[in-house]
1. Evaluate the stretch 11-24: report whether one residue or more is part of a strand (DSSP E or B), at pLDDT 90 or above and of a type in the set (A, V, I, L, M).
2. Determine the pairs where a residue that is loosely packed, with under 10 Cβ neighbours inside 10 Å, located within the stretch 3-30, has a partner that is among the polar types (S, T, N, Q) with Cβ atoms under 8 Å apart, the partner being 6 or more residues away or on another chain.
3. Just name the residue that is surrounded by the most Cβ atoms within 10 Å (Cβ to Cβ) out of those in the stretch 31-43 that are under 19 Å from the mean Cα position of the chain (by Cα) and charged (D, E, K, R).
4. Report yes if LYS62 is modelled with pLDDT under 90 and either of a type in the set (D, E, K, R) or not in a loop (DSSP other than H, G, I, E, B) (or both), otherwise no.
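The values are calculated or read from the model by the stated rules, or taken from the named source; none is laboratory data. What you see is a predicted model, and the numbers here were worked out from it, not measured in a lab. Neighbour counts run over all protein chains shown; Cβ positions are idealised from the backbone, glycine included.
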Amino acid sequence: MGFFTKVQLIKRKSSEQWYINFPSALAQAMEFQRGEEMEWLVEDKSLLALRRPSAPPPVLKKTPPSSTASTPSGKTAHPQTSNPASSRGPTPSP
């Protein structure tokens, strides 16, 4: 599901400010609080990610086990398998 919004620019004599507003439905679904701090991450020129350091705990979803590591991009890193048979692909049937 996506929400579209426009980038706004306010130019002043000595500075300029860029704004991206959240649609109300998205802000309410995320349960944002006034004054809450966020961190913008640039993945590439077509993907801007927003990290929320103090997000409320999920109500329905289970938290991931602590044995998985998180990469700088926020994706979950899966441990490498040491079994060489698993990297060979499917075994042919007799």
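1. Kept after step one, since they are part of a strand (DSSP E or B), are these residues of the stretch 11-24: 11, 16-20.
If we keep only those that are at pLDDT 90 or above too, we end up with 11, 16-20.
In the following step, the residues that additionally are of a type in the set (A, V, I, L, M) were identified as 20.
Within the stretch 11-24 (the criterion being part of a strand (DSSP E or B), at pLDDT 90 or above and of a type in the set (A, V, I, L, M)), the answer is yes, since at least one residue qualifies.
2. Partner pairs satisfying both residue conditions: LEU9/GLN17; ILE10/GLN17; TRP18/GLN8.
3. Restricting attention to the stretch 31-43, the residues satisfying the condition of being under 19 Å from the mean Cα position of the chain (by Cα) are 31-33, 36-43.
Okay, now just the ones that are also charged (D, E, K, R), so 31, 36-37, 39, 43.
Numbers: GLU31: 9, GLU36: 12, GLU37: 7, GLU39: 9, GLU43: 10.
The residue in question is GLU36.
4. On the way: modelled with pLDDT under 90: yes; either of a type in the set (D, E, K, R) or not in a loop (DSSP other than H, G, I, E, B) (or both): yes.
So LYS62 fits the description; yes.
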